[in-house]
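Contents: one structure, followed by commentary.
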Amino acid sequence: MERTRRSLLAGAASIGVVGAAGCLGGGSGDDGSNTLDTGEYDCDLTEPADPDLEFRPVIGDPDSDVVVQAFEDFTCGHCATYTLEHFPTIREEYIASGEIRYEHWDFPIPVNEAWAVPVASAARGVGARNGSEAFFTFASTAYESQGSYSGEAIGAAAEAAGADPCAAIADAQFAAYEEASMSDRSEGDSMGISGTPTIFVNGEAVDTYEAETIAAAIDEAL
């Protein structure tokens, strides 16, 4: 395992440390009031009833003594880099092996006011209805569309996660999980977060979002 772990981390480190400080705000985009274009999905959108605001995306060992919390903004480019390039290493080495409890937390700065909460709402809805694995699949797929978010892109990400595209688009359109996202944001504020992504290991913020840095913090906590 040690040889595998070292090779995985070496590969992650070779990606580089592009802007490891993360996103610090400065929102952009329209006011988010436009109706989402459902594209090929041709959805008849209605406001979701009784969203599960208590849902928390969690994978790994739910009873592990090592808890990793990742605070992200779906419109932050650094969060996309973390999720697509660094998180897979953490997932393969520590989550798949059941060594940690890994939690997603929303922290809408927002970098883009039009999309931060809607995409987070769609992700939460997918997870609440289909489970945490579906949430993380949706999140990774959605990040691949960052910069060109649309109702159709949200539907495609939901479909990739095995979820109902129209339900996810409705969650985005009506910001069904905004209350949960803003509750996460408040918790992040209380923990001193100023940018995203911010990763905590057992309540201690990790210096950067690189896989190698996070792994070192996890190894110390194990």
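Key figures for this structure:
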| item | result |
| --- | --- |
| Cut-off 11 Å between beta-carbons: net charge of the residues surrounding V67, Lys and Arg +1, Asp and Glu -1 | -4 |
| Along each principal axis, Cα extent of segment 104-222, largest first, Å | 43, 25, 25 |
| Two-decimal Rg/Rh across the chain, once Rg and the Kirkwood Rh are taken from alpha-carbon atoms | 0.96 |
| Highest-MSF residue in the chain out of I169, I109, I95 [GNM, Cα springs under 10 Å] | I95 |
| Equivalent ellipsoid, segment 165-217 (semi-axes from 5 times Cα gyration tensor eigenvalues, Å) | 29, 15, 8 |
| Kirkwood Rh, Cα atoms: Rg over Rh of segment 59-98 | 1.02 |
| Candidates V117, V126, V67: whichever shows maximal mean-square fluctuation once the chain is modelled as a Gaussian network with Cα springs under 10 Å | V67 |
| Size of segment 50-166 as Cα extents on the principal axes (Å, biggest first) | 38, 31, 23 |
| Expected 222 nm ellipticity per residue - DSSP helices of 4 or more, -39500 (n - 2.57), all of the chain, to 500 | -12500 deg cm²/dmol |
| Where labels lie 7 Å past Cα in the beta-carbon direction, separation of T46 and A205 in nm | 4.5 nm |
| Point-charge dipole on Cβ atoms (K/R +1, D/E -1) for the chain, about Cα centre, debye to 20 | 580 debye |
| Rounded Å value of the spacing that divides the Cα centres of segment 88-148 and segment 199-222 | 19 Å |
| Proximal charge balance of W105 [Cβ under 12 Å; K/R count +1, D/E count -1] | -4 |
| Cβ-based charge dipole, the chain, positive-most Cα from A139, S186, C43 | A139 |
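No value in this document is a laboratory result; all are computed from the given coordinates. On a predicted model such as this, the values are computed, not experimentally measured, just so you know. All Cβ positions, glycine included, derive from the backbone under ideal geometry; neighbour counts span all protein chains shown.
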